[in-house]
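Report on one structure; see the data block that follows.
The values are calculated or read from the model by the stated rules, or taken from the named source; none is laboratory data. Every value quoted in this text rests on a predicted model; they were computed, and no experiment measured them. Here the Cβ positions follow ideal geometry from the backbone for every residue, glycine too, while neighbour counts run over all protein chains shown.
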Amino acid sequence: MNGINSVKITVNGVHYTINTVEPEEYVQKLADELNGAVSEIRDKNSTISFNDIMVLCAINYIDAYKRSEENADRMRTQISEYLEDAAKARIELDEVKRENAHLRRQLSGKETKGQIKDLNA
């Protein structure tokens, strides 16, 4: 596993040091995204406190996370249904192939009998 990285970020002009196992570039991207969200809220309401901005950011990110989880759950359910349908279709295909082979054998047997009859006639 990776060692711990000490990553320095800036959010709303305040410097923070984060100790993490994640790559520095990844943490910087997260900090940049958060800083952008903070700036966007602050630009819309210049009198809002930093704590209020952070609460709004947290609510927005939690909402996005929950919606992503719900979407992932729906996708997992849909994939499971597709897999079940594919398995049923595979079983049906196998049954049709067996039936087809059986009918070919029957047809082949009748043709052979018919040819023998014609030769004896």
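If you filter segment 40-65 down to residues that are over 17 Å from Y16 (Cα atoms) and polar (S, T, N, Q), you find that the one that is modelled with the lowest pLDDT is S46.
Taken together, S108, S46, S39 contain a single residue that is more than 29 Å from the chain's Cα centre (by Cα), of a type in the set (S, T, N, Q) and not in a helix (DSSP H, G or I), which is S46. The residue of segment 41-70 that is farthest from I4 (Cα to Cα), among those that are of a type in the set (V, I, T) and in contact (Cβ under 8 Å) with a residue 12 or more places away in the chain, is I41. Tell me whether segment 27-40 contains one or more residues that are of a type outside the set (V, I, T), in contact with a Lys or Arg (Cβ under 8 Å, 6 or more places away or on another chain), surrounded by 10 or more Cβ atoms within 10 Å (Cβ to Cβ) and in contact (Cβ under 8 Å) with a residue 12 or more places away in the chain. Scanning segment 27-40, I find no residue that is of a type outside the set (V, I, T), in contact with a Lys or Arg (Cβ under 8 Å, 6 or more places away or on another chain), surrounded by 10 or more Cβ atoms within 10 Å (Cβ to Cβ) and in contact (Cβ under 8 Å) with a residue 12 or more places away in the chain, so the answer is no.
For residues in segment 6-22 being modelled with pLDDT of 95 or more and in a loop (DSSP other than H, G, I, E, B), which is surrounded by the most Cβ atoms within 10 Å (Cβ to Cβ)? The selected residue is E22.
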